[in-house]
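*Asks:* My questions will all concern the structure given below.
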Amino acid sequence: WYVAPALESWSLYQVLGILLLPHTLRHIGLTSIVSAVVEPAIPKQFSRPVGYGDLLSQILAMLTILLLKGHSSLAIVMVWITNIIGFGDWVYAGIVATKYRAFDYKLGAFWFLPTFFVPALLVTHFWMFWLLLR
């Protein structure tokens, strides 16, 4: 936890905005529906919810950051909504990945997401939940 001490002097809105920044890159999950990236035979029951769930999470994160930046009265509510939907997307992606054995297929460059990007996103999800609940 090298970053947390540096953020202690920042406002809650600023810290939440920083923690949402990685979620603005979640559109990368759309690569799960691109047959040039993943094996074309990968089940659509996996790839579509993963791709479009990540896109929704990205849009919500971008909107929420704007609300935080503007100190909107809706900002904290939107952080909750964004964090719950984003975390729920991760849970659902794990369920469909297991159900349809997604990791038995060639993931191409998509492998980067579950091995690096998703764990980083989970850290920010848990950190935001912690900040919101304290």
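The values are calculated or read from the model by the stated rules, or taken from the named source; none is laboratory data. Everything numeric here is computed off the predicted structure, so don't read it as measured data. FYI the Cβ positions are ideal-geometry reconstructions off the backbone, even for glycines, and counts take in every protein chain you see. Ligands, DNA and RNA are stripped out before the accessible areas are found, and what is left, the full protein with its side chains, is counted by its heavy atoms. Shrake-Rupley method; radii C 1.70, N 1.55, O 1.52, S 1.80 Å.
*Asks:* Report the label-to-label distance for Val91 and Ala109 in nanometres (one decimal), using points 7 Å from each Cα along the Cα→Cβ vector.
*Replies:* 3.2
*Asks:* How many nm is it between the label spots at Leu66 and Ser35, if each spot is 7 Å from the Cα in line with the beta carbon?
*Replies:* Each label point is offset 7 Å from its Cα along the Cβ direction, giving 3.5 nm.
*Asks:* For Ile85, what accessible area in Å² do you get when you roll a 1.4 Å probe over the heavy atoms of the protein chains, rounding to the nearest 10?
*Replies:* 60
*Asks:* Hey, what did the chain get for relative contact order, percent, Cα under 8 Å, at least 6 apart? Working shown, then result.
*Replies:* Numbers: 130 pairs, mean separation 42.5, N = 134.
Computed over the chain, the figure is 32 percent.
*Asks:* Oh, and also: Only helices at least 18 Å long along their axis, Cα-based, and averaging 0.5 or more on Kyte-Doolittle count here, so list those DSSP H runs from the chain. Intermediate values should be presented prior to the final figure.
*Replies:* Details: long enough: 44-69 (37 Å, 0.67); 75-99 (35 Å, 1.31); 118-133 (22 Å, 1.84).
Passing helices, by number: 44-69, 75-99, 118-133.
*Asks:* Also, I was wondering about something else. Above 20 angstrom, tally the Cα pairs of the chain and express them as a % of all pairs, no decimals.
*Replies:* Of all Cα-Cα distances in the chain, 46 percent exceed 20 Å.
*Asks:* Report the gain in length on full extension from Leu74 to Thr98: 0.36 nm times residue separation, minus Cα-Cα distance, nm rounded to one decimal.
*Replies:* Values: separation 24, 0.36 × 24 = 8.64 nm, distance 3.59 nm.
Gain on stretching Leu74 to Thr98: 5.0 nm.
*Asks:* Here is a follow-up. Fully extended, how many nm does the chain gain between Leu21 and Val123 (0.36 nm per residue separation, minus their Cα-Cα distance)?
*Replies:* Between Leu21 and Val123, full extension yields 35.5 nm more.
*Asks:* Heavy atoms only, probe 1.4 Å: what % of the accessible area of the chain goes to carbon and sulfur, would you let me know?
*Replies:* Carbon-and-sulfur percentage of accessible area, whole number: 72.
*Asks:* Net charge around Glu39, counting only other residues with Cβ within less than 11 Å of its Cβ (Lys, Arg = +1; Asp, Glu = -1)?
*Replies:* 0
*Asks:* How big is the dipole moment of the chain about its Cα centre under a simple scheme where the beta carbon of each Lys and Arg is +1, that of each Asp and Glu is -1, and everything else is neutral? Debye, nearest 20, please.
*Replies:* Working: 8 positive and 5 negative charges, 39 e Å.
Result for the chain is approximately 180 debye, rounded to the nearest 20.
*Asks:* Give the accessible surface of the chain per residue, rounded to a whole number of Å², with probe radius 1.4 Å and ligands, DNA and RNA excluded.
*Replies:* Result: 58 Å² of accessible area for each residue.
*Asks:* Out of the chymotrypsin sites (Phe, Trp or Tyr not before Pro) in the range 1-51, which ones are loop residues according to DSSP with at most 16 other C-beta atoms within 10 Å? Before the final figure, lay out the partial values.
*Replies:* Values: sites: Trp1, Tyr2, Trp10, Tyr13, Phe46; in loops: Trp1, Tyr2, Trp10.
Hits after loop and neighbour filter: Trp1, Tyr2, Trp10.
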